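Colleague: To start, I am sharing the structure in question, which I have written as structure tokens.
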Amino acid sequence: MLILKHNSLSEQELLNIEQALIRWSDNNGPRITPELNVLDLSRTDVLGLLLAIFQRLGILETLATCHSSLLDFFVDVYAAYVDAPYHSFYHAADVVIMLYYLLTDLGALVHLSALDTTSLLLATLCHDVGHPGYNNTYQVGFKTDLAAQYKNISVLESYSIDITRRLLTKHDLLKHVSAQSTPPLSPPLSPSPSPSTSTSTSTSIFQSKSKQVSMVERIERLILSTDMVYHEQLQQQTSWLKSAMTKTNQNSKPKPKPKTINTNSNSNSLEITMMDRDDRQGLCRVLLHAADISNTVRPWPIAKQWSDLIVQEFFRQGDAERRAGLPVSPGMDRDLSSQADISLGFGDFVVKPYFEAIAGLLPAATVLVDTLKSNRRQWDNLKMKIKTTTTTTMTTTATTMDTESFESLEECLVCNSTSIDTDEKVLLPPSPLSPVSTSPLSPSLSPQHLPQSPLSKNLVLPVTPPDDPTFAMRIETWCHHKTQKLQLHLQQQRHQ
Ligand SMILES: [Zn+2]
């Protein structure tokens, strides 16, 4: 029976959590893998699942605590998360799930001590606590109170650290492990770096080999390392981690699986000689960041769902920046960025190289790189479908639009046509206000593809894409933001 000290949940909620804990703890029950979609679960299911993961990894024993006390802490963490589209408690729970998979099925757990694992799991759960859904760039650009409080440096990560420290203190969750650590370093944390100075400063944070740090400091440093400014550094860190792991693997010998750790796999069957403390903490940071950016290596339906949420959050921030007259952050302008391109760009340039590096450390992670490739094809397919819809919508719209809407459309198109790079003209549909005969047509885009709108003597729109395989990509680029405007026109007309 679960009993809370600081929070109150209904009997039914506590019962649901307990049942979920039992279900997720059962070796014959559902598996905790990248296929598990936390967005399908209720809040009580998620809390039970988190308890089960902490139990499976032996964290209750390390903390010398019980399910009730841990749940009490979780409930406060849940309450401290903001209900942002993406950066909610569900994102944190999802990152915990992926981390569990990296530790167990992919075999990272054997390289870590019990204290490493415990600090890693607590940091993961709390790494975005308090995140308002508007990122560090927004905080600095809007000169928010948080930006002032943390001097514009790793603003949200620093805020999460403060909330985490407060909750750990409130629940006295580390009382039994604090004694195992020496007093904190002085000062407790080096100043976190700004993007331009991250390498030199963060090296001192991440590679300090002089003193053992307290449990709280371990957690704080892990949360700090989730700032994307450390991405490159963490990726580079995998190289020396690989050589450290290779050395320790060579000294491994068979050992029985620890009774306290109940994982998905039997990867713990070797007694691994531990890497040194700094290498282990480096591995923790690398793993946490991997789990944090893992949306695009998940099965397509899950990857797409998280993409929907992050794009919603991005565009919300972009709208706020535009309204305030500030530069819109890259990828956050709904008129200039498409969801597919945001996801493809992040996958190609951030996630792919990082997970390839992870696969160098944990070879089984290759399966995640494969999923990323498969998702890439899904995004390409989606772009093709959007293209087809776009050309159809534009044609349909042009033939049903009233005169006033049509003039607005013409304005939009004229505006766009003046911004077209002249070198690209041959790749684009003709300027709508130019006669067909003088339009810069692609060799493969002949006039028979271009119907004349009944409302304008000059407007020409593609209806049947020619065989040129790159046509779709080019036409989509050209049409993207106008499609939204056209659809809006249509909606307005329907409501009139
Ligand atoms: Zn995160």
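Colleague: Considering every residue within region 290-304, establish whether at least one is more than 16 Å from the ligand (Cβ to nearest atom), outside any loop (DSSP other than H, G, I, E, B) and under 13 Å from the mean Cα position of the chain (by Cα).
Modeller: yes
Colleague: Also: Under the condition of being surrounded by 14 or more Cβ atoms within 10 Å (Cβ to Cβ) and among the small types (Gly, Ala, Ser), which residue from region 205-245 is modelled with the highest pLDDT?
Modeller: Only one residue fits best here, namely Ser225.
Colleague: Just one of the numbered conditions (1) outside any helix (DSSP H, G or I); (2) at pLDDT below 95; (3) β-branched (Val, Ile, Thr) is not true of Thr248; which one?
Modeller: Among (1) outside any helix (DSSP H, G or I); (2) at pLDDT below 95; (3) β-branched (Val, Ile, Thr), the lone unmet condition for Thr248 is (1).
Colleague: Turning to a different aspect of this structure: Starting from region 101-129, keep only residues that are within 17 Å of Glu217 (Cβ to Cβ), then list their pairs with residues that are aromatic (Phe, Trp, Tyr) and away from the ligand (no atom under 16 Å from the Cβ) whose Cβ atoms are within a distance under 7 Å, requiring at least 6 positions of separation or different chains.
Modeller: Leu121/Phe54
Colleague: When residues of region 148-158 are filtered for being farther than 21 Å from Leu287 by Cβ and within 13 Å of the ligand (Cβ to nearest atom), how many remain?
Modeller: 0
Colleague: Grab the helices (runs of 4 or more DSSP H) fully contained in region 80-147, keeping just those with 1 or more residues being within 16 Å of the ligand (Cβ to nearest atom) and acidic (Asp, Glu).
Modeller: 89-103
Colleague: Among the residues of region 80-104, which ones are within 23 Å of Thr246 (Cβ to Cβ) and out of contact with any helix residue (DSSP H, G or I) (no Cβ under 7 Å at 6 or more places or on another chain)?
Modeller: Tyr101, Thr104
Here's the yes/no breakdown for (1) at pLDDT 55 or above; (2) touching an Asp or Glu at 6+ places or on another chain (Cβ under 6 Å); (3) within 30 Å of Leu57 (Cα to Cα):
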{"position": "Asp128", "(1), (2), (3)": "yes, no, yes"}
{"position": "Asp145", "(1), (2), (3)": "yes, no, no"}
{"position": "Tyr150", "(1), (2), (3)": "yes, no, no"}
{"position": "Ile153", "(1), (2), (3)": "yes, no, no"}
{"position": "Ile161", "(1), (2), (3)": "yes, yes, yes"}
{"position": "Lys170", "(1), (2), (3)": "yes, no, yes"}
{"position": "Leu173", "(1), (2), (3)": "yes, no, yes"}
{"position": "Thr203", "(1), (2), (3)": "no, no, yes"}
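Colleague: Find the residue count for region 77-91, including only residues that are more than 19 Å from Glu157 (Cβ to Cβ) and surrounded by fewer than 18 Cβ atoms within 10 Å (Cβ to Cβ).
Modeller: Adding up the residues that qualify gives 3.
The values are calculated or read from the model by the stated rules, or taken from the named source; none is laboratory data. Nothing here was measured: the structure is a model prediction, and the numbers come from that model. Backbone-built Cβ (ideal geometry, glycine too); neighbour counts: all protein chains shown.
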